[in-house]
1. Take the Cβ-Cβ distance between Glu42 and Glu22 as r, set R0 to 30 Å, and report the resulting FRET efficiency rounded to the nearest 0.05.
2. Taking only C-alpha pairs under 8 Å that are 6+ residues apart, what is the relative contact order of segment 127-224 in percent?
3. Which of Lys69, Lys140, Lys43 moves most in a GNM of the chain, Cα contacts under 10 Å?
4. Placing +1 at every Lys and Arg Cβ and -1 at every Asp and Glu Cβ, with all other atoms neutral, what dipole size does segment 9-105 have around its Cα centre, in debye to the nearest 20?
5. So, R0 is 22 Å and r is the distance between the beta-carbons of Leu58 and Ser29; what FRET efficiency does that work out to, to 0.05?
6. Return Val28, Val109 ranked ascending by Cβ neighbour count within 10 Å, so the fewest neighbours appear first.
7. Among the listed pairs Lys33/Lys101; Lys59/Lys203; Lys3/Lys101; Lys81/Lys203; Lys59/Lys143, which have their C-alpha atoms separated by more than 29 angstrom in this model?
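Computed from the coordinates by the stated procedures, all read-outs in this text should not be read as laboratory data. Remember, predicted model here, so these are calculated numbers, not experimental data. FYI the Cβ positions are ideal-geometry reconstructions off the backbone, even for glycines, and counts take in every protein chain you see.
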Amino acid sequence: MAKILVVEDEAVIAEALRAYLENEGHLVSWESKGLRAREILEKEDFDLIILDLMLPGLKGEELCRHIRKRSNVPILMLTAKADETSLLYGFRIGADDYMTKPFSPRELVVRAGALLRRSGGRASADTVYFGDGRFEVRLKSRKLLREDSEIHLTPIEFDLLEKLLSQPGRVFSREEIILSVLGSDFEGTDRTVDSHIRNLRSKIELDTRNPVHILTSRGRGFYFHG
């Protein structure tokens, strides 16, 4: 059972989502206003947030940014905008997945389940392990340890690792990585991402020519395998 917050101002949609998610055994809270949702999130932790962009008062984009400053909780964003620019913008401000209205509640439940599995149902956890427990990533203190010995990462390398770890198995394009890790004002080329990937691999892979954790999907981008 996961604890899920639905932030949606359309009552019909919110009630449908609540019914489907509760049928899967989840505990669901609903809030229609962005400001009220922010207040709730200051007091409570959730395993997943389903967030509509078009909210009265505090907009969904602003709430998403606020959440990302304090938590790595998975965010499934809902919007009526289906163009690629809006999709990439959603990922840049911190969304983990993105669905356009109208959508199938059944598909949303499947996607929500996938996000919960990837996060281990412990979105508020400070520590992530990989490599059969040999590697420990401390998110709040931004440290990477291998068998209790710290591995020095640059800020960009840590951000890159954290991004890949957020959704193991999902391929992140170079453009997505630039937007979320390097920032929208980055003026280099997308091959800069390859350099950071190469440097990160040199610190966590036993054989950089045959990596087992940070893998390449040819022509698409990079993904993490635990």
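1. 0.75
2. Working: 112 pairs, mean separation 23.8, N = 98.
Relative contact order, segment 127-224: 24 percent.
3. Lys43
4. 400 debye
5. Efficiency, from the Cβ-Cβ distance: 0.85.
6. Val109, Val28
7. Values: Lys33/Lys101 19 Å; Lys59/Lys203 40 Å; Lys3/Lys101 23 Å; Lys81/Lys203 40 Å; Lys59/Lys143 33 Å.
Correct reply: Lys59/Lys203; Lys81/Lys203; Lys59/Lys143.
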